[in-house]
Amino acid sequence: QVQLVESGGGSVQAGGSLRLSCAAYGYTYSTVCMGWFRQAPGKEREGITTISRGGNTAYVDSVKGRFTISRDSADNTLYLEMNSLKPDDTAMYYCAASYQVSCLRNQLSRTAFGYWGQGTQVTVSS
(Lines give C-alpha, C1' and ligand atoms only; values in the text may rest on other atoms or scores of the structure.)
Protein backbone atom coordinates (compact mmCIF):
# COMPACT_ATOMS: atom_id res chain seq x y z
CA GLN A 1 0.00 0.00 0.00
CA VAL A 2 0.98 3.64 -0.33
CA GLN A 3 0.30 6.54 2.01
CA LEU A 4 -0.25 9.97 0.45
CA VAL A 5 0.03 13.25 2.37
CA GLU A 6 -0.83 16.58 0.73
CA SER A 7 0.37 20.01 1.81
CA GLY A 8 0.57 23.55 0.47
CA GLY A 9 -3.07 24.59 0.40
CA GLY A 10 -4.25 27.94 1.65
CA SER A 11 -6.10 31.13 0.81
CA VAL A 12 -5.06 33.40 -2.05
CA GLN A 13 -6.53 36.23 -4.08
CA ALA A 14 -7.66 35.72 -7.66
CA GLY A 15 -4.69 35.75 -10.00
CA GLY A 16 -2.36 34.38 -7.36
CA SER A 17 -0.39 31.14 -7.24
CA LEU A 18 0.02 28.11 -5.01
CA ARG A 19 2.17 24.99 -5.15
CA LEU A 20 0.76 21.80 -3.70
CA SER A 21 2.91 18.85 -2.66
CA CYS A 22 2.06 15.19 -2.16
CA ALA A 23 4.53 13.02 -0.26
CA ALA A 24 4.21 9.29 -0.93
CA TYR A 25 5.28 6.51 1.42
CA GLY A 26 5.30 2.79 0.68
CA TYR A 27 5.20 1.00 -2.68
CA THR A 28 5.79 4.14 -4.68
CA TYR A 29 7.82 2.67 -7.56
CA SER A 30 4.99 0.49 -8.86
CA THR A 31 2.37 3.20 -9.40
CA VAL A 32 0.99 3.35 -12.94
CA CYS A 33 -0.60 6.81 -12.65
CA MET A 34 -0.60 9.58 -10.07
CA GLY A 35 -2.62 12.74 -10.08
CA TRP A 36 -4.67 15.47 -8.53
CA PHE A 37 -8.42 15.61 -8.06
CA ARG A 38 -10.59 18.28 -6.49
CA GLN A 39 -14.02 18.50 -4.96
CA ALA A 40 -16.04 21.65 -4.32
CA PRO A 41 -19.01 21.68 -1.92
CA GLY A 42 -22.03 19.96 -3.46
CA LYS A 43 -20.09 18.72 -6.50
CA GLU A 44 -18.51 15.43 -7.54
CA ARG A 45 -14.81 14.81 -7.22
CA GLU A 46 -13.17 15.89 -10.47
CA GLY A 47 -9.92 14.74 -12.03
CA ILE A 48 -7.88 17.80 -12.93
CA THR A 49 -4.47 16.42 -13.91
CA THR A 50 -2.56 13.12 -13.84
CA ILE A 51 0.82 11.79 -14.91
CA SER A 52 1.57 8.23 -15.96
CA ARG A 53 4.63 6.15 -15.15
CA GLY A 54 5.86 6.90 -18.67
CA GLY A 55 5.51 10.65 -18.15
CA ASN A 56 2.34 11.24 -20.15
CA THR A 57 0.14 13.95 -18.65
CA ALA A 58 -3.53 14.80 -18.89
CA TYR A 59 -5.34 18.00 -17.89
CA VAL A 60 -8.97 18.92 -17.62
CA ASP A 61 -9.78 21.80 -19.98
CA SER A 62 -10.53 24.26 -17.17
CA VAL A 63 -6.93 24.22 -15.87
CA LYS A 64 -4.92 23.86 -19.09
CA GLY A 65 -2.26 26.52 -19.34
CA ARG A 66 -2.60 27.43 -15.66
CA PHE A 67 -1.74 24.25 -13.71
CA THR A 68 1.31 22.02 -14.11
CA ILE A 69 1.81 18.55 -12.66
CA SER A 70 5.31 17.26 -11.95
CA ARG A 71 7.05 14.64 -9.83
CA ASP A 72 10.34 14.03 -8.11
CA SER A 73 10.93 10.28 -8.26
CA ALA A 74 13.94 10.42 -5.95
CA ASP A 75 11.91 12.06 -3.18
CA ASN A 76 8.64 10.24 -4.00
CA THR A 77 6.85 13.56 -4.21
CA LEU A 78 4.16 14.80 -6.59
CA TYR A 79 3.60 18.52 -7.19
CA LEU A 80 0.88 20.74 -8.58
CA GLU A 81 1.83 24.28 -9.56
CA MET A 82 -1.26 26.46 -9.77
CA ASN A 83 -1.10 29.87 -11.45
CA SER A 84 -3.69 32.50 -12.37
CA LEU A 85 -6.05 31.08 -9.78
CA LYS A 86 -9.76 31.80 -10.07
CA PRO A 87 -12.56 31.66 -7.48
CA ASP A 88 -13.90 28.60 -9.33
CA ASP A 89 -10.70 26.77 -8.36
CA THR A 90 -11.82 26.82 -4.72
CA ALA A 91 -12.06 23.20 -3.58
CA MET A 92 -10.49 20.45 -1.53
CA TYR A 93 -7.57 19.07 -3.52
CA TYR A 94 -6.64 15.39 -3.28
CA CYS A 95 -3.57 13.48 -4.36
CA ALA A 96 -4.25 10.00 -5.75
CA ALA A 97 -2.34 6.94 -6.96
CA SER A 98 -3.28 4.07 -9.26
CA TYR A 99 -1.70 0.64 -9.64
CA GLN A 100 -4.02 -0.32 -12.51
CA VAL A 101 -3.03 -0.27 -16.18
CA SER A 102 -6.60 0.81 -16.93
CA CYS A 103 -5.73 4.32 -15.72
CA LEU A 104 -3.80 4.79 -18.97
CA ARG A 105 -7.00 4.56 -21.02
CA ASN A 106 -8.68 7.45 -19.18
CA GLN A 107 -6.26 9.24 -16.89
CA LEU A 108 -8.77 11.73 -15.48
CA SER A 109 -11.24 9.09 -14.29
CA ARG A 110 -11.46 8.15 -10.61
CA THR A 111 -12.21 4.50 -11.41
CA ALA A 112 -8.64 3.18 -11.40
CA PHE A 113 -7.34 5.34 -8.52
CA GLY A 114 -7.51 3.35 -5.31
CA TYR A 115 -5.30 5.35 -2.96
CA TRP A 116 -6.00 8.87 -1.78
CA GLY A 117 -4.54 11.53 0.47
CA GLN A 118 -6.50 13.37 3.13
CA GLY A 119 -6.88 16.51 1.04
CA THR A 120 -5.71 20.10 1.32
CA GLN A 121 -8.04 23.09 1.05
CA VAL A 122 -7.53 25.77 -1.60
CA THR A 123 -9.61 28.94 -1.32
CA VAL A 124 -9.44 31.69 -3.95
CA SER A 125 -11.08 35.02 -3.17
CA SER A 126 -12.20 37.60 -5.71
Filter result (under 16 Å from the mean Cα position of the chain (by Cα), surrounded by fewer than 17 Cβ atoms within 10 Å (Cβ to Cβ) and either assigned to a loop (DSSP other than H, G, I, E, B) or without any contact (Cβ under 8 Å) to a residue 12 or more places away in the chain (or both)) within segment 13-36: Ser17
Subset tally (residues that are at pLDDT 95 or above and either out of contact with any Phe, Trp or Tyr (no Cβ under 8 Å at 6 or more places or on another chain) or in a loop (DSSP other than H, G, I, E, B) (or both)) for segment 78-99: 11
Every pair of residues 6+ apart whose Cβ atoms lie under 7 Å, when the first sits in segment 93-115 and is in contact (Cβ under 8 Å) with a residue 40 or more places away in the chain while the second is basic (Lys, Arg) and assigned to a helix (DSSP H, G or I): none
Residue list for segment 83-104, filter: out of contact with any Ser or Thr (no Cβ under 8 Å at 6 or more places or on another chain), open to solvent by less than 30 Å² (accessible area, probe 1.4 Å) and farther than 23 Å from Tyr29 by Cα: Asp89, Ala91
Among residues of segment 53-76, those that are modelled with pLDDT under 95 and among the hydroxyl-bearing types (Ser, Thr, Tyr), counted: 1
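The values are calculated or read from the model by the stated rules, or taken from the named source; none is laboratory data. Only a predicted model underlies this, so the values are computations on that prediction, with no experimental measurement involved. Methodologically, a virtual Cβ is constructed for each residue, glycine included, from the backbone with ideal geometry; neighbour enumeration extends over all protein chains shown. Surface accessibility is based on the protein's heavy atoms, side chains included, excluding ligands, DNA and RNA. Shrake-Rupley method; radii C 1.70, N 1.55, O 1.52, S 1.80 Å.
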